[in-house]
Amino acid sequence: MMGKVMTMAQAIGRFVPDGCSVLMGAALESLIPFAAGHEIIRQRRRNLTLIGPISDILFDQLIGAGCASRVTAAWVGNVSAGLAHNYRRAAEANTPHRLDIEDHSNFTLSLALLAGGLGAPFIPTKTLLGTDLLPGSQSFQLSSEPDTGAPLVNVQAITPDVAILQVQRSDREGNAHCWGNLGVSEEGGLASRGVIIVAEEVVSREMILSDPNRVLLPSAKVVAVVHEPWGAHPSPVQGFYGRDHGFYEQYHLASRTSEGFEQWLKGWILDIEDRTGYLARLPKDRLNQLKPSQRRLAAPVDYGY
Amino acid sequence: MMGKVMTMAQAIGRFVPDGCSVLMGAALESLIPFAAGHEIIRQRRRNLTLIGPISDILFDQLIGAGCASRVTAAWVGNVSAGLAHNYRRAAEANTPHRLDIEDHSNFTLSLALLAGGLGAPFIPTKTLLGTDLLPGSQSFQLSSEPDTGAPLVNVQAITPDVAILQVQRSDREGNAHCWGNLGVSEEGGLASRGVIIVAEEVVSREMILSDPNRVLLPSAKVVAVVHEPWGAHPSPVQGFYGRDHGFYEQYHLASRTSEGFEQWLKGWILDIEDRTGYLARLPKDRLNQLKPSQRRLAAPVDYGY
Amino acid sequence: MRTESSNTQYTMQEVMVAVAARQIRDGEMVFVGMRLPLLAFAVAKRMHAPRAVGLFECGLMRDEPAPELLYTMSDPPNIAGAIWSTRMINLMGMLQQRAVQLGMIGGAEVDGFGNVNTSYIGSRQRPTVKLPGSGGAADIASLAGRFLIIMQHERRRFKERVDYITSPGFGEGGDWRRRVGLPGGGPAAIITTLGTLSFDPETKEAILASHHPGVTPDEVCRQTGWPLRISPAVHETTPPTEEELAIIRHYDPKGFWTRP
Amino acid sequence: MRTESSNTQYTMQEVMVAVAARQIRDGEMVFVGMRLPLLAFAVAKRMHAPRAVGLFECGLMRDEPAPELLYTMSDPPNIAGAIWSTRMINLMGMLQQRAVQLGMIGGAEVDGFGNVNTSYIGSRQRPTVKLPGSGGAADIASLAGRFLIIMQHERRRFKERVDYITSPGFGEGGDWRRRVGLPGGGPAAIITTLGTLSFDPETKEAILASHHPGVTPDEVCRQTGWPLRISPAVHETTPPTEEELAIIRHYDPKGFWTRP
C-alpha cells in the first residue's frame, strides 16, 4: 500500500485532475500553497474551479496560465500592491480565455464552506441584502424569516473536490498542526472531499498527538501529505518565515502585460522543475532574511492525567 | 473601575439573576462548572432556564434545589451511574415544582448555539426528521429544500443570557486557554450575551498571548473571571485532575429520594460557605488521588517572526 | 450472572460487546456511544478492524482505543492521544455529511421497526418515567450510514410501538425513512441480552437472527412485546472467543460495564 | 506630495488616517480593514481609545496594535500577541450579531448615498475594469453598527450612481436599508483625499462636512460627480496633530501606506 507521503508532482497528478474544484488560500494572506499552485500550472491543468476567500496573487497566476475556467471567491488581487492583472484581462477581454466569476463576500464564502462541512444545504444570513452580488447568482437564494417575513439570503453549501492546505507540521498520515490566523482552513478542509496537506515539516505521530487540540482536521480527510519546506513563499508561515513583500511588488510590475506575465511564468514556474529550483532562483540570502529573528514559544500545556 | 476578577459569590450575584437563561456543561462530561452551579443554589436563584447538551448531574442538582423552571438540553442524567432522580421527580410529579422541558439532540443544540453566535436566525438540518422531538417544539421549524422539496428541520438560534465556562487558565481580563474536548464551549460562549470564566489558574496576560490559537473566545464577551481551583470537581479537567467516578455514584444513591437529596444538598452545598468548604469535606487524600500521575506536555509551538 | 458455555465463562454483556465489535468493518468511521460501545470499539480495533476510527461526540476522534477503562467519553485518557480534540459540531457535521459508516446507541424502549425511545415513558405531558433524552443518539440514528441498538431484552422494553420516537429506526416500516427525509441507512441490528435482531430488507421488520448461548428462540419471543418473526437461518450467537474476552477484560478488568 | 499647513508638513493620507482614527470611540469593537485603517486603529489606540479592540477578518483579534507596519493583516507581527487567533467565521459572526460598532472599508467608486463598488466598472458581463471584489467589505457595510469609507476623491470615482453595489450604503436613500433588511447602521462618513462627507439623517444624502487644509469646498464639488450638498457647518478639517503624526510615522516610517 502506498502511503500518503508523496511529492508535490505526485499529489497534484493524482488528486487535482482537469475540471475539478480546488480550494486554496484558505488562511487568506498567510499559508498560501504557492508551491502546489505552481505545480498545477506546470502540469497544465485545465478548467479548474478555483475556490478561496482572497488569493493574494495565486489565483491570478493560475488564471493567467490558463488553468481556471471558474473562480468562486470574495476577492482576487494583490493585497499589498493592487489589482490582479491576469484576473482583469480574463474578465475584461477573455484573455487567455473566458472566466466565469462567482462573486462572494468573505462571510458568505465561509458560510458556504461551513454549510458544506456540516452537511447542511445552506445557511441563512443578512449580509449582502440589497447588493448587486445577489441577482442572478447561483450561490444565493433570497428567502425570508418564517416568523417576521424579514429578508434573508440563503448561502448555498460549497463542497470542493479537493482542498490544498499549507500547515507548519504534519505526520505521515496527515494529522497536522497549524497555527496563526486560520481563515477558512478548518471549514474548507471539512467541506472538501479530499485534502492535500503541504507541510513545512513532517514530524512524528507522537509529536502531533501530544497536542490534539492543535490538529486542524481529521486525517481521514487527507489524501496526500507533501513535505515542501518554504512551500508558501512569498506568503508567510508563522514561526517559519515572514512575508516577502518585494516579491508581490515585482510580480505586480511583471504581470502588467500578458507578455510580461508569460516571461515571469517561464522564469519562475515553467522552466523550473520543482520547489527546489524555485528557491534556488531567489536572490542569495533572501530566505535567510525571511527567517524569524526571534523565537516566541507558546506557554506549555499539560495533557497529563 | 472594578476589574473582572471576583469571587464566585460576586459573579453569580451580579451576572446570574433570577429568570435568566444560563449555559453550563458546554464541554459535556468534562469541565463542568459545579462550583458555579453550587453557588447558584446557595444564592437560591429561581426560574432559571438551564441550557446545555448533557449535564452529568449538575442540572439535576439545580432542578432538585428548585432553581430551574425550564431545561433546554439533549440529555439530563448521570453518565456513569444512570437516571437523574430530581429531573425525573420534576418531570413526573412536578417535584419540587413544574419544569418545562425543551428537548434537543446534541447536534441540534450545537446548531442552535452556532446560529446564535453567527447571528443567523436558524440553521437547517436533516437530523430528527420523523422523530417525536419535532411536533409542537419551539426549537424547530419544519421546512423544505427550495430546489428538491426534501424535508428540512430549521433549528432556531439560542442566545443564552450568560454562559459559565470552566477553563484551565485565564488572565484577569478573561483571555483564557482551554484544552481537551471542547463540546459546545466555543459556540456557546459566542452565542451568549456574557461569559463567566471559571479558571483553575489565573495567569499573566503574556502567558495567554503567547498562544492566541489556544484562546477560547474574545475576552470582550467575558464579564467575570473567577479563580476557583478544583471548580469542576467531580468532573475532570485535563492536566489538573481526573474524574471522581465514586462521587457520581454516591450522588446517584443519595438522590434516589427527595429526602436523600435534601440531605445531600445540605451537606455538600447549603451548609457550606464556598468551594473551600466543599473541598474540605471530601475524604482525605481524594484530591491527591485525582491529580495527574504523569505530565504529558504538548510539543512546542513557535510564533516567532 | 455468568453463563457457562463451551469451556469459557462470560457475561451477556461480554457477548453483546463481542457481537457489536464484529459489526465494525476495517477502515470505518464509527460514532462510538457510551458504555458497551466503548469496549466494542476497542475489541474491533484489536481484532479485525485496525484501521477503524472512533468519533466521540464530546469532540474527540481516536484511531487507537484509550489505554484504560472509560467511564465517560470525556475522561482524560480518551483526550490524551486523540488524533483530534475539537468542537462537537465538527463531528456531528461529518455525520450529516454521510462520512460516518456506523454508529452505536443504547435505548430504554425499542419497537419492531427499530425505533428507540429514551425520552418519555407514558405521555409527554405527564410521563410515568422521564428518561434522560437523546444525547447524540437521535443524530446517529438519523444520519449514520447504519447503526446498532444495544439493549436489555425485556418484554416491557420491547414494545409493539414505542411511546415516543427519540431515535428513528424504520418508523412505520417500508420506505418510511425516505419519505420523512432521513439520510442515514437506519438500524442494522438490535443487539440484546438475549440475541441479535436484524431487519427485513423490504418491510423493515425486526427478525430474530441469533439467540445467545443458553437462550432459546422461544425465550426471546416471550421477552418481546410483539409477535417476533424468526429468521429461517436463526442460529446460536457465536460466543466471544478467548481472544475477544481477553481484550474486553483487559479494558474492563473489574467488569464495571460488563458485570452488572 | 506634501501639503504645508500651519507649521507641520503632512500628506493627505496622513490626514485621512487621523480623521478615521478620531471616529473610533473608546471601548469599541472595530473591524479593521486593509491599508490606512491599519494605521487609524493604531492611532486611536494610542490617542483616545485605549480600550478599543481590533478585529481582522483573516481570523485575528487584538487589543494592542501590532508593533510594526503591516502589509497585510495576516503578517506575522499581527498574529504574535493577538488576543485571539481563530477562524474567519467567528469574527464575521460577531459582526452579524451586532457586536461590532465600527468598520472601515476602501472603495473604487462611491455614490451620493454611500454605496461602494469594488467589483465591476462597466457591465458585469463585459466590464471595463474588473476590480478585486468585496473581500469582507460588503459584510462590514451590511452588518457593522456604522462604517467609514476611505477613498481617493476623483470625479470618475464619485458617481451619481455606482455601476454595481458591492458594499451597501444607503441604497436609494431614506429607509432603503430597513426595507431591504440590512441590520447595520450604514456609512457614517466618507473620508477622502479632499475632505469628509457625512450623511443627512433623513434623506441619507452625502453632505460635505469638512474640507482638508489647502482644499476649498469648490474643489471638492468639482471632483464629485453629482451636485454635492454642502453642510451649513462646513469647516476645514482639523489637521493631524504632532502627536497623531508621530504615531503614524512610528508605524509607517517609510510611508509605505501614507506617502503614495
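The values are calculated or read from the model by the stated rules, or taken from the named source; none is laboratory data. The structure presented is a predicted model; accordingly, all values stated were derived computationally and were not measured. Every residue, glycine among them, receives a Cβ derived from its backbone with ideal geometry; neighbour counts consider all protein chains shown.
For segment D:82-101, check the following and say yes or no: at least one residue is within 12 Å of chain B (Cβ to nearest Cβ), outside any loop (DSSP other than H, G, I, E, B) and of a type in the set (Ser, Thr, Tyr).
Yes, segment D:82-101 has at least one match.
What number of residues in segment D:202-260 are touching a residue at least 24 places away in the same chain (Cβ under 8 Å) and touching a Gly at 6+ places or on another chain (Cβ under 7 Å)?
11
Check segment B:137-159 and report whether any residue there is in contact (Cβ under 8 Å) with a residue 12 or more places away in the chain, over 25 Å from C:Arg98 (Cα atoms) and under 17 Å from the mean Cα position of the chain (by Cα).
yes
Can you pull out the residues in segment D:42-68 that are free of Cβ contacts under 8 Å to residues at least 60 places away in the same chain and not hydrophobic (A, V, I, L, M, F, W, C)? Please lay out each step first, then the result.
As a first pass, look at segment D:42-68 and keep what is free of Cβ contacts under 8 Å to residues at least 60 places away in the same chain: D:44-45, D:48-56, D:58-64, D:66-67.
Result: D:Lys45, D:His48, D:Pro50, D:Arg51, D:Gly54, D:Gly59, D:Arg62, D:Asp63, D:Glu64, D:Pro67.
Do we have C:Phe170 as within 14 Å of chain B (Cβ to nearest Cβ), farther than 30 Å from A:Leu118 by Cα and under 20 Å from the mean Cα position of the chain (by Cα) here?
On the way: within 14 Å of chain B (Cβ to nearest Cβ): yes; farther than 30 Å from A:Leu118 by Cα: no; under 20 Å from the mean Cα position of the chain (by Cα): yes.
Against the criterion (within 14 Å of chain B (Cβ to nearest Cβ), farther than 30 Å from A:Leu118 by Cα and under 20 Å from the mean Cα position of the chain (by Cα)), C:Phe170 does not qualify.
Give me the helices (runs of 4 or more DSSP H) completely within segment B:195-284, filtered to those with at least 3 residues that are at pLDDT 95 or above and touching a Pro at 6+ places or on another chain (Cβ under 7 Å), ordered by residue number. Before you say what the answer is, go through the steps one by one.
Numbers: elements: B:205-209, B:245-254, B:258-265, B:275-281.
Result: empty, no element qualifies.
Restricting to segment B:200-259, what's the tally of residues that are among the β-branched types (Val, Ile, Thr), under 27 Å from D:Gly27 (Cα atoms), buried (at least 22 other Cβ atoms within 10 Å of the Cβ) and more than 8 Å from every other protein chain (Cβ to nearest Cβ)?
Start the filter on segment B:200-259 by keeping residues that are among the β-branched types (Val, Ile, Thr), which leaves B:202-203, B:208, B:215, B:222-223, B:225-226, B:237, B:257.
Filter once more, keeping what is under 27 Å from D:Gly27 (Cα atoms): B:202-203, B:208, B:215, B:222-223, B:225-226.
Among the residues that remain, those that are also buried (at least 22 other Cβ atoms within 10 Å of the Cβ) are: B:208, B:215, B:222, B:225-226.
Restricting the remaining residues to those that are more than 8 Å from every other protein chain (Cβ to nearest Cβ) gives B:222, B:225-226.
Counting residues in segment B:200-259 that are among the β-branched types (Val, Ile, Thr), under 27 Å from D:Gly27 (Cα atoms), buried (at least 22 other Cβ atoms within 10 Å of the Cβ) and more than 8 Å from every other protein chain (Cβ to nearest Cβ) gives 3.
Mind checking which residues of segment C:29-54 are more than 25 Å from C:Arg259 (Cβ to Cβ) and either buried (at least 24 other Cβ atoms within 10 Å of the Cβ) or β-branched (Val, Ile, Thr) (or both)?
The answer is C:Phe31, C:Val53.
Going through segment B:54-79 one residue at a time, which ones are surrounded by fewer than 24 Cβ atoms within 10 Å (Cβ to Cβ) and facing chain C (nearest Cβ under 10 Å)?
B:Asn78
Of the residues in segment A:163-199, how many are within 26 Å of D:Leu91 (Cβ to Cβ) and surrounded by fewer than 24 Cβ atoms within 10 Å (Cβ to Cβ)?
As a first pass, look at segment A:163-199 and keep what is within 26 Å of D:Leu91 (Cβ to Cβ): A:163-169, A:176-192, A:195, A:197-198.
Imposing the further condition that a residue be surrounded by fewer than 24 Cβ atoms within 10 Å (Cβ to Cβ) reduces the set to A:168.
Count: 1.
Scan B:Ile41, B:Ile32 and give me the residue that is of a type in the set (A, V, I, L, M) and more than 30 Å from C:Trp257 (Cβ to Cβ).
Numbers: B:Ile32 fails: more than 30 Å from C:Trp257 (Cβ to Cβ).
The conditions single out B:Ile41.
Could you list, in sequence order, all residues of segment C:78-136 that are more than 18 Å from B:Asn106 (Cα to Cα), touching a residue at least 60 places away in the same chain (Cβ under 8 Å) and charged (D, E, K, R)?
The one that is more than 18 Å from B:Asn106 (Cα to Cα), touching a residue at least 60 places away in the same chain (Cβ under 8 Å) and charged (D, E, K, R): C:Asp111.
Which pairs do you get when a residue that is within 11 Å of A:Glu186 (Cα to Cα), found in segment A:211-228, comes within reach of a residue that is in a loop (DSSP other than H, G, I, E, B) and not acidic (Asp, Glu), reach meaning Cβ atoms under 6 angstrom, with the pair 6+ apart or on two chains?
Matching pairs, first to second residue: A:Val215/A:Asn175; A:Leu216/A:Cys178.
Does D:Glu57 count as closer than 19 Å to D:Met94 by Cβ, surrounded by fewer than 20 Cβ atoms within 10 Å (Cβ to Cβ) and acidic (Asp, Glu)? Spell out how you get there, then give the answer.
On the way: closer than 19 Å to D:Met94 by Cβ: yes; surrounded by fewer than 20 Cβ atoms within 10 Å (Cβ to Cβ): no; acidic (Asp, Glu): yes.
So D:Glu57 does not fit the description; no.
What are the residue pairs meeting all of these: first residue in segment D:8-28, first residue within 15 Å of D:Met151 (Cβ to Cβ), second residue in a loop (DSSP other than H, G, I, E, B) and β-branched (Val, Ile, Thr), Cβ atoms under 6 Å, and 6 or more apart or on different chains?
D:Met12/D:Thr193; D:Gln13/D:Thr258
Output the residues belonging to segment D:127-154 that are buried (at least 24 other Cβ atoms within 10 Å of the Cβ), more than 7 Å from chain A (Cβ to nearest Cβ) and within 14 Å of D:Val100 (Cβ to Cβ).
Hits for segment D:127-154 are D:Ala137, D:Ile140, D:Ala141, D:Ala144, D:Phe147, D:Leu148.
Give the residue that is farthest from the other protein chains (Cβ to nearest Cβ), with candidates limited to residues of segment B:116-149 that are closer than 30 Å to B:Asn86 by Cβ and among the aliphatic types (A, V, I, L, M). Working first, answer last.
Step one: list which residues in segment B:116-149 are closer than 30 Å to B:Asn86 by Cβ, which gives B:116, B:127-128, B:131-140.
Now drop any that are not among the aliphatic types (A, V, I, L, M), which leaves B:128, B:133-134.
Working: B:Leu128: 6, B:Leu133: 7, B:Leu134: 10 Å.
So, considering only residues that are closer than 30 Å to B:Asn86 by Cβ and among the aliphatic types (A, V, I, L, M), the one farthest from the other protein chains (Cβ to nearest Cβ) is B:Leu134.
Has segment B:14-36 got at least one residue that is among the hydrophobic types (A, V, I, L, M, F, W, C), more than 9 Å from every other protein chain (Cβ to nearest Cβ), outside any loop (DSSP other than H, G, I, E, B) and more than 29 Å from C:Glu57 (Cα to Cα)?
Within segment B:14-36 (the criterion being among the hydrophobic types (A, V, I, L, M, F, W, C), more than 9 Å from every other protein chain (Cβ to nearest Cβ), outside any loop (DSSP other than H, G, I, E, B) and more than 29 Å from C:Glu57 (Cα to Cα)), the answer is yes, since at least one residue qualifies.
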